[in-house]
Amino acid sequence: MTKLQSLFLTAVLSVACNSDIAQPPAALAAVSGPPVITRFVTNGEGGSLVWFVPDATGATFGFLYFGRGGPVTDPQTFLSYNIVRCADHCVELENGNGIIPNSDVSGNVKKLHLSTNTSNNPNFTVYAGSRGNITIDLEVNGLYSQRSEGVMQTTMPGDTLAGGSQQTFRQQGIYTSFSARVSGSVVGTEVPLVATGGISTAHNVQIQISR
C-alpha cells in the first residue's frame, strides 16, 4: 500500500455522519470558523475501500465506507463515498453520505456485502454526481491487519476549482481492520482492480467537519 493510499484509507475509516448536529467531544479540539459538524457512533462491522489511479494528465482518487452503529435501541447503517479527479485542479465526481436501510448490508467480520440504491432514500444526501445503485463485496484475504486507538484526523481539500468545502475527518476510539479483496461499483463507476479493501470492527465516535 502506498503512502497516498494509506492516507485515503485513513479517511475512509474516519468518515461518518448522523442526522443530529453536535459539537465534538472536548478531546477532539474545536476548529476555527463556522463548521458544520456531523457525528456517528460506530459499534460493529464496517467495510471500506480506497483507490488511486494515475494517468498521463493526473489521477483519480476514490473511497467508500459503510458501517453499523447508531443508538443501541435504534441501530443504523451509514454509507459515505467520494470520487475525485485531479489534474490542474481537483473536481469531485461523486460525493454522498447518509443512513441506508440496515438490510442493505449483510455478512460478518470475514465477508461483507453492500447493495443499496440511493435514488429514493430521503436519509441520504448527494453533494456531487448522481444517485443510483452501489454494490460492494469484501472478503478478508489475510494480507495484513491494523489496529488504531486514540484520536486520528485527516483533511481533504474538496473541489479546488469550484471552491468546494474542505472536509476534515476525526475519529476517537478503537478500531481493528483486516485487508480484504474488493469488487463492485459506485453509481456506475466500477471499482478498479487496484482498489484496497478492508473489513473492520470499531467502537468509536466518528466526526465529519465541513467548512
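Derivation of every value follows stated rules applied to the coordinates shown; laboratory data play no part. A quick note: this is a predicted structure, and the numbers were derived from the prediction, not measured. Glycine gets a Cβ as well: all are built from the backbone with ideal geometry, and neighbour counts include every protein chain shown.
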With label points set 7 Å from each Cα along the Cα-to-Cβ direction at residue 141 and residue 109, the distance between them in nm comes to 2.1
A chain fully extended from residue 56 to residue 87 at 0.36 nm per residue, minus the present Cα-Cα distance, gains in nm 10.2 nm
Ranked from fewest to most other Cβ atoms within 10 Å of their own Cβ, 187, 151 fall in the order 151, 187
When 53, 182 are arranged by how many other beta-carbons sit within 10 Å of their Cβ, fewest first, they go 53, 182
The answer for the net charge of residues other than residue 191 whose Cβ lies under 15 angstrom from its Cβ, with Lys and Arg +1 and Asp and Glu -1, is -3
Pseudo-spin-label distance residue 125 to residue 183, built 7 Å along Cα→Cβ, given in nm, is 3.5
For 98-109, 59-70, 74-85, ranked highest to lowest by mean beta-carbon neighbours within 10 Å, the order is 59-70, 74-85, 98-109
Subtracting the Cα-Cα distance of residue 117 and residue 193 from 0.36 nm times their residue separation yields 25.1 nm
